[in-house]
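Enquirer: Here it is, the structure, as structure tokens.
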Amino acid sequence: GGSLTKLAYYSTVQHKVARVRSFDHSGKDIENEPLYEISVQEEITARLHFIKFENTYIETCLDFIKDHLVNTETKVIKATGGGAYKFKDLIEKKLGLKVDKEDVMTCLIKGCNFVLRNIPHEVFAYQKDSDTEFRFQTNHPNIFPYLLVNIGSGVSIVKVETEDKFEWIGGSSIGGGTFWGLGALLTKTKKFDELLQLASKGQHTNVDMLVKDVYGGAYQTLGLSGNLIASSFGKSTTADKEFSKEDMAKSLLHMISNDIGQLACLYAKLHNLDKIYFGGFFIRGHPVTMRTITYSINFFSKGEVQALFLRHEGYLGAIGAFLKGAEQDNPNQYSWGENYAGSSGLMSTSPDVYPMQRTRSGTFDMLEMDRLERPLVNLPLLKDPSTYIPDTVDLTDDAMARKYWLTCFEEALDGVAKRAAASQPDSVDAVERAEKFRQKYWNKLQTLRQQPFAYGTLTVRSLLDTREHCLNEFNFPDPYSKVKQKENGIALKCFQSVIESLDSLGWEERQFALVKGLLAGNVFDWGAKAVSDVLESEPQFGFEEAKSKLQERPWLEDSYSQWLERLKEGPPHKCALIFADNSGIDIILGVFPFVRELLSRGTEVILACNSGPALNDVTYSESLIVTERIAAMDPVIHSALRDEKLLLVQTGSSSPCLDLSRLDQGLAVLVRERQTDLVVIEGMGRAIHTNYYAVLRCESLKLAVIKNSWLADRLGGKIFSVIFKYEVPCK
């Protein structure tokens, strides 16, 4: 580009993963043996990296490419943008490669589609005068059609209809180059960023003629407010004085932004589009530019069209050029997830904002995307995927909640680092790596205190996910593996007596005991400090003790009577999808008896567990072993497995929370095939921090025990209050 070089490259990353495997128990006394074997293996995964360098450091950028990215097989490097012409000879000479130039607009659109599809909080609207300047949008499952307004030297306006179908529908020669050029003539300031900084300090009303300057107030007949600009630079014709550089820069910025805004608005209306994404070097994350564009669009469209910006707008061309070069192994056939551990936040995108963060290499911004093993899609049972928001509380908005949760995660950090180190007693550098993890996550938390919007909407889920990413970065794939192994073994020994006691009850009594068992099982959550303190200090704390902790009915949220009525009066459900939470007592003594009851009623069950580890949540591979053991003890589970009435699937997630818009494709297919008509979501992370307000097209049960006193207080209850939310879709 004109001032920045953006580099996109692909690498394979070797990291550790925890694996579980059934022991071969043939002919052995298995009473005192662990339930299964845990091993840590090396796994290679794909990662996309994006880095920005300032053009003044182009040599450093090329050195980086030469030292790390070029091998003997590399013959060609893909490039796009003005620099592909300007630096072509230098690149070819220094790297000994042929520069293959790609069309700028094709690359921009390919890049834009990629980030819209893979980064849930990519798009934001800018609101200067609200508490949170950045208002992130939910990604619509269908990203097309949209208008892309690219403001470089001039303005290009492109209508994008599909992955490969787009057309240039208009533009203007009055763009970023005009602002820079005229600004340089007016202020003698040659640098673009310095010009914008001048504009941010200026007062345009000293230079611009307003409606009230012409009419003495508002122009009521036409409905024009007195503060509207009637004539850009209008006062310079009559005033006999020098204007400040700041005021002239601000006036110029308004003039050009308003012009672009009106133009974009007219094209959006002409083509019946309501999504306009703005990009190009003119924007580049500068608040003053985003504010003027937003105001202009809002004014000219009367609020009907929204100006939208992209977190990674500066990378679009580089991503597109990379995708063009990687078409034989099409990255678009995979799902990707942002790696919070290796990505810098939103406001580092402008080099003048945090000059202290920059090193001499001129790199100041990075983005990393990890390739996910399986494609992710929406849960087909979401009532309206386009309005679904997984998270219950937006911490970007809620300052009090933000302060509490950031402090909560800070206070828990030493304990998490200790547990990580203790989970690898045979590793010589475990303590050192745990300290590096602690430092990295601490720094992320400090960034989020200053800039809550750094990675999109800040939520409890994003704080948990960032912690998991940082743990993985330092090779702690599953700090709770031994805890889960032990708790699964203990719970399995109690399974038969729990079933016998349930079977001895009358039908109605049994239904309540099953729900109470589900809730008691949900108490065993190592992610909640109130629980982990008890589990650390009272090793004998078990299923019955957990039941005694539960709030008595009526619960904080209590629709148990309606659920019981539904079981009594209604036909059995065709198929239930259950999202499981914790290992041990939760899944074995809470979930499985409930599953068994549903199966006995003639309901098929899909049991969904995390693909990868997070806290002490049960993983898909652990669930296979646990289910096999239960089936050996219980004929109902055994025959359901054999007849495929009970199906175990993975969610595609490695998070303690649940995003129903990013689930494993195989799970979605099964949900459709089996005509699922009941969804059960259990646990604080999945049913309270996320999905508390999720609206489904079928019946749902959301149940959890609140194991955090601040959250309980917020919801109007006490610690160990119960949420039992049975919802029936509106007809």
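The values are calculated or read from the model by the stated rules, or taken from the named source; none is laboratory data. On a predicted model such as this, the values are computed, not experimentally measured, just so you know. Note that each Cβ is placed from the backbone with ideal geometry, even for glycine, and that neighbours are counted across all protein chains shown. Just so you know, the surface numbers come from the protein's heavy atoms only, side chains and all, with ligands and any DNA or RNA stripped out. Shrake-Rupley method; radii C 1.70, N 1.55, O 1.52, S 1.80 Å.
Enquirer: Have a look at 532, 548 and point out the one that is hydroxyl-bearing (Ser, Thr, Tyr), modelled with pLDDT under 95 and in contact with a Gly (Cβ under 9 Å, 6 or more places away or on another chain).
Expert: Just one listed residue meets the conditions, 532.
Enquirer: Out of 273, 263, 310, which single residue is in contact with an Asp or Glu (Cβ under 6 Å, 6 or more places away or on another chain) and either in contact (Cβ under 8 Å) with a residue 40 or more places away in the chain or surrounded by fewer than 22 Cβ atoms within 10 Å (Cβ to Cβ) (or both)?
Expert: Going through 273, 263, 310 in turn, the sole match is 310.
Enquirer: Follow-up question, since we're still on this one. Checking residue 643 against (1) out of contact with any strand residue (DSSP E or B) (no Cβ under 8 Å at 6 or more places or on another chain); (2) more than 27 Å from residue 629 (Cβ to Cβ): exactly one of these is not met. Which one?
Expert: Answer for residue 643: the failing condition is (2).
Enquirer: Suppose we filter the stretch 239-294 for residues that are acidic (Asp, Glu) and touching a helix residue (DSSP H, G or I) at 6+ places or on another chain (Cβ under 9 Å); how many remain?
Expert: Of the residues in the stretch 239-294, 4 are acidic (Asp, Glu) and touching a helix residue (DSSP H, G or I) at 6+ places or on another chain (Cβ under 9 Å).
Enquirer: Ok, one more. Right, residue 179: under 24 Å from residue 83 (Cα atoms), in the same structural domain as residue 267 (by the TED database) and buried (at least 22 other Cβ atoms within 10 Å of the Cβ) or not?
Expert: Yes.
Enquirer: Find the helices (runs of 4 or more DSSP H) located wholly in the stretch 476-554 whose residues include 3 or more that are surrounded by 13 or more Cβ atoms within 10 Å (Cβ to Cβ) and either of a type in the set (Ser, Thr, Tyr) or in contact with a strand residue (DSSP E or B) (Cβ under 9 Å, 6 or more places away or on another chain) (or both), and list them.
Expert: Values: elements: 481-503, 507-521, 529-537, 543-549.
In the stretch 476-554, 481-503, 507-521 are the helices (runs of 4 or more DSSP H) which contain 3 or more residues that are surrounded by 13 or more Cβ atoms within 10 Å (Cβ to Cβ) and either of a type in the set (Ser, Thr, Tyr) or in contact with a strand residue (DSSP E or B) (Cβ under 9 Å, 6 or more places away or on another chain) (or both).
Enquirer: Still on this structure, please answer the following. If a residue has to be open to solvent by 20 Å² or more (accessible area, probe 1.4 Å) and farther than 18 Å from residue 110 by Cβ to count, how many in the stretch 140-170 make the cut?
Expert: So the answer is 5.
Enquirer: Does the stretch 98-139 hold any residues that are touching a helix residue (DSSP H, G or I) at 6+ places or on another chain (Cβ under 7 Å), assigned by the TED database to the domain that holds residue 60 and open to solvent by 40 Å² or more (accessible area, probe 1.4 Å), and which are they?
Expert: 98, 101, 104
Enquirer: While we're here: Give the residue, chosen from 680, 728, that is within 26 Å of residue 511 (Cα to Cα), in contact (Cβ under 8 Å) with a residue 24 or more places away in the chain and open to solvent by less than 10 Å² (accessible area, probe 1.4 Å). Can you show your working first?
Expert: Working: 728 fails: open to solvent by less than 10 Å² (accessible area, probe 1.4 Å).
Just one listed residue meets the conditions, 680.
Enquirer: Keeping to the stretch 75-97, report how many residues are over 18 Å from residue 320 (Cα atoms) and either surrounded by 13 or more Cβ atoms within 10 Å (Cβ to Cβ) or touching a helix residue (DSSP H, G or I) at 6+ places or on another chain (Cβ under 6 Å) (or both).
Expert: 9
Enquirer: Mind checking which residues of the stretch 158-207 are part of a loop (DSSP other than H, G, I, E, B) and not acidic (Asp, Glu)?
Expert: 162, 165, 173, 174, 175, 188, 189, 190, 191, 202, 203, 207
Enquirer: What pairs can you find where one residue is in the stretch 501-515 and basic (Lys, Arg), the other is surrounded by 13 or more Cβ atoms within 10 Å (Cβ to Cβ) and part of a helix (DSSP H, G or I), and their Cβ atoms are less than 8 Å apart, with a gap of 6+ or different chains?
Expert: 510/502; 510/597
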